[in-house]
Amino acid sequence: MTDAPRGPRPTDPLIALRPWEAPEVTSWGRLPMNAVDRRSGALPLDGDWRFQLLPTPDAPVGGSWSTAHVPGVWTMQGTDDLPQYLNVRMPFPDFPPNSPAANPTGVYERAVDVPAEWAGRRIVLQVGAAESVLLVHVDGRPAGISKDSHLAAEFDLTGLVSAGAPSVVRLTVVKWSDASHIEDQDQWWHGGITRSVLLYATDPLHLADVTVRTSRDGSLRVDCRVRDAGGALPEGWYVSGELDGLALTQDAEFDRFNREDERVSDFLGEARLRTVVESVRTWNAETPELYDLTVRLHRADGTVADTSRQRIGFRDVEISGRELLVNGERIFVRGVNRHDFHPLTGRTVSYDDMRADLVTLKRFGFNAIRTSHYPGDPALYDLADELGFYVVDEADIESHDHAHEIADDPRYLNAFVDRVARMVLRDKNHPSVIVWSLGNESDYGANHDAAAGWLRRHDPTRPVQYEGAAKLDWAAAGDATDIACPMYAPLEECVAHALSGRQTKPLIWCEYSHAMGNSNGTLADHWAAIESTPGLQGGFIWEFWDHGILQRVNDGRPVGRGGAGLYDNGVAAPGHRWAYGGDFGEADHDGAFIADGVVFPDRTPKPAMYEHREIAAPVRIECFRHEGIVLGNHQHFRGLDWLAGQWELSLADGRTLTAPAELPDLRPGQTAAVPLPFQLPEDGGEAWLTLRVTTAGDEPWAPRGTVVCVPQVRLRRAAPRPALAVPNRSVEVDDEGLLVHPLLTAAPALSLWRAPTDNDELGGMAPRWRDWGLDALVRKVAEVRRSEGRVTVHAEYACAAGVVRHVQVLTAVEGGIHVAESAELPEELNDVARVGSVFETVAGLDLMEWFGQGPWESYPDRAFGAPVGHHAVPVDELFTPYLRPQESGGRHGVRHFTLSAPDATGLSVVLDEPRQVGVSRYRAADLTAVAHHDELVPRAGCVVHIDAAHRGLGTASCGPDTTASCLVTPGVHRWSWTLRAL
């Protein structure tokens, strides 16, 4: 690299303009956005750049230079300006459009050798994204300005560089600006150049834009705009095109109309190509068929001046009444909100990262993405086209902290329209994009209507949505939204609206289930209602990622790009942890609210992902009748030929039988009866039939044999348990009436408390439980009665809301102890976390085996995706490492379980009926006392919870709580279980 010229002085016109405090200025010298992909053949400028971090935008450049990697954020690359997390509040007190005086500004420089063969060509610099104001200089001369932190900016450098000679490119990035007030999204605040930088060249005569319009009937229209950088367009130019080798036809009628209507000018050329594809293969999320489109711009002599290559799909999107249709079919939107995130690089995400994101989502039944809350990298849309996702493309607009003021502020009018228009101009040719979104949480005002007006004129082929426009009345929403897209609206209200007769628009939640910590309760309830209620079509879970940044514990710094391999299965390596708000020393933050994804920061799926996978199952067991099984195809467009199956029969006595399954030939929506694959044994008790469905061959998102779903049906209920034989021996208890047992280090006691989940804390339940004193119940023995082979213990647990009476009857039975319990909760305890027993075991019991739901974590309102069967998991792997330690690792519907050592010794527990069971190395108090997992110290033995009742999870950290049926209510609760040594 050559030495750089001195930095821009205060007289520099870009600095003098102070664009970081001028909302009316969205750009200067920036080229119009277009849909012509220039990544191929470009000169990449990614890598290490010379770097300085200035305290303010107008501070002089001087002193020593360091290096910074591009793309990347400086907040993750060793500077003292560290990441900060806030959800709604701005990180500075200044009102819009002002920015703070202390305003970190990154100056990036590098020498660029312009290829000699580019002589006479048009040379363009593309900066993929910069947060939040970009100033461009070449050899000290100003080249342009850009705002909008999540779309590319292009600048014509033809007059500033010379082919075959080096030039110094300087990119100055101002962190805080007037634009920050409309980029107030729920994510980490960073600064830097977050997407790739490149230099490309075109002929002076070039394709300025290409617009593709397709339909499911096979019709194709390609509109081309042509410009000449040298001045007037030359005579005789023309365009040609081909689609998978099929030549396109020039639209002579379009050319004639332009001439007769005097639309032809020397400044802008327009041309249109057409064709109709016979027997077209349509695009949808299940069968994402793509065609290769090539458009060429020719000079008069026939030589090619410019070429555009794109992959396109044939599909229609329309709204009919209150239904959103793709290719004429009503679809279900099984969506997730997705931010750009990576635990080592912050906002910078590679192609491989994006592909892995979408592959993970596809494997768990998702078919839609909302690009919350800004457009994604161009490669994301290529991948969505290829792998099959419906995309709600969202503009980079969120003014959460000052939403009401900005929505009608004319100073921000240009920014609203500019951001929506540039997104549409870039992404309009992607078949995956089925809906445009005007942004998020920015109130509703004239600026939205202006942006919607531009959008509808430019692209009438897709619906527009904006949650704020429909917030007050889903039926009478304004022109800014075609879809009622509420945020965390209660399920019962949405169902009532759909049944009211007032519904006029499709209802698709933009956010409906908040994945913070141990969460996503009631997903199955939502989808049962969606699939049975016309007018409801799905929604988007918030969100994909836990935004935990990998942090070194010893110095509190982000690990950065070199941290690959320092995490696995959601857990950070020793000496490291997942950082959330407040972990970088910032006083103003919103804590772990940033950790609200369905995957951990390393993309490890949380248990809620398995719940969603089963809810979205493409093939399902509808019922068991007449000695047969009824299967149904729940897809919209695809048959079952891409799937394979295997039957599994799980019996309570420990046996599991398997048999191959031949799936019937079913079109979408069809059902068929198939014979029962097994002769049900006379013995064996409770019996469950599972269809393990896998991919029959390799899919672009999954190799052959990948599990797609595991639908299940119960074939036989459990038989009544025989009476237990009471031996002639005593039960040993201590002076407090607590069981003494050689395998237990803490006797069974009553538990009403769980380590609060994020939903418990933010939903207000945990503070109430603490006020009642449920986290520190004091046991008082009222009476201990002894009889032959039996001890009955009456105890009372006093709390601020009254007295809980607990009775425990301990009976010696053949081979063990039978424990029958009851707990009477006073009316004041109208919603507690659990009612059950907790005890602790000796060390060395490292494996849990059980018959019940599993193998992954499940809870009363999140158990649809955990099939009943025989499961075995090491005790240390039962616990789920949510970023903030909390209640986790529970298994729902457990009938019996064992905890064993490697030599097969240990204990077994048989339950009176299916119960919620939790086994881990931590007491609830251990989890409650710490903020991160690196602070936890596992116990040698097991902490075991057996619950008569356990509260559902809900999503009350941001959204609805659990259902009434999953609350733990006052009154008498009874449960029993039998403990034996193995």
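The values are calculated or read from the model by the stated rules, or taken from the named source; none is laboratory data. From a predicted model like this one, the values you see are computed outputs, not experimental measurements. We place every Cβ from the backbone using ideal geometry, glycine too, and count neighbours over all the protein chains shown.
Listing for the model above:
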quantity: Conditions (1) within 30 Å of residue 515 (Cβ to Cβ); (2) in contact with a helix residue (DSSP H, G or I) (Cβ under 7 Å, 6 or more places away or on another chain); (3) of a type in the set (Lys, Arg); number of the one not met by residue 311; calculated: (1)
quantity: Residue in the range 466-475 that is in contact with a Pro (Cβ under 8 Å, 6 or more places away or on another chain) and not charged (D, E, K, R) present; calculated: yes
quantity: Number of the exception - residue 454 against (1) over 24 Å from residue 541 (Cβ atoms); (2) of a type in the set (Phe, Trp, Tyr); (3) under 27 Å from the mean Cα position of the chain (by Cα); calculated: (3)
quantity: First in the range 558-569 and more than 15 Å from residue 600 (Cβ to Cβ), second anywhere and of a type in the set (Phe, Trp, Tyr), Cβ under 9 Å, 6 or more apart; calculated: 558/584
quantity: Criterion: modelled with pLDDT under 95 and surrounded by 18 or more Cβ atoms within 10 Å (Cβ to Cβ) - qualifying residue of 693, 731, 710; calculated: 731
quantity: Residue match in the range 706-729 (condition: of a type in the set (S, T, N, Q), under 18 Å from residue 363 (Cβ atoms) and outside the structural domain of residue 794 (by TED's automatic domain parsing)); calculated: yes
quantity: Subset of the range 767-819 [outside any strand (DSSP E or B) and free of Cβ contacts under 8 Å to residues at least 24 places away in the same chain]; calculated: 767, 770, 776
quantity: Test: residue in the range 641-654 that is out of contact with any strand residue (DSSP E or B) (no Cβ under 6 Å at 6 or more places or on another chain), of a type in the set (D, E, K, R), within 26 Å of residue 890 (Cβ to Cβ) and part of a loop (DSSP other than H, G, I, E, B); calculated: yes
quantity: Residues of the range 584-606 satisfying the condition of being surrounded by fewer than 24 Cβ atoms within 10 Å (Cβ to Cβ) and in contact with a strand residue (DSSP E or B) (Cβ under 9 Å, 6 or more places away or on another chain); calculated: 584, 586, 588, 589, 590, 591, 593, 599, 602, 603, 604, 605
quantity: Residue in the range 968-981 that is of a type in the set (A, V, I, L, M) and outside any strand (DSSP E or B) present; calculated: no
quantity: Enumeration of residues in the range 927-949 that are in contact with a Phe, Trp or Tyr (Cβ under 7 Å, 6 or more places away or on another chain), in a strand (DSSP E or B) and farther than 18 Å from residue 898 by Cβ; calculated: 948
quantity: Strands (runs of 3 or more DSSP E) contained in the range 82-195 and holding at least 3 residues within 19 Å of residue 61 (Cα to Cα) and assigned by TED's automatic domain parsing to the domain that holds residue 28; calculated: 105-113, 133-138, 141-147, 166-174
quantity: Test: residue in the range 429-445 that is closer than 30 Å to residue 92 by Cα, assigned to a helix (DSSP H, G or I) and modelled with pLDDT of 95 or more; calculated: no
quantity: Any hit, the range 855-867, residues being under 21 Å from residue 978 (Cα atoms) and in the same structural domain as residue 944 (by TED's automatic domain parsing); calculated: no
quantity: Test set (1) within 27 Å of the chain's Cα centre (by Cα); (2) in contact (Cβ under 8 Å) with a residue 40 or more places away in the chain; (3) outside any loop (DSSP other than H, G, I, E, B); (4) more than 30 Å from residue 534 (Cβ to Cβ) - residue 335 fails condition number; calculated: (4)
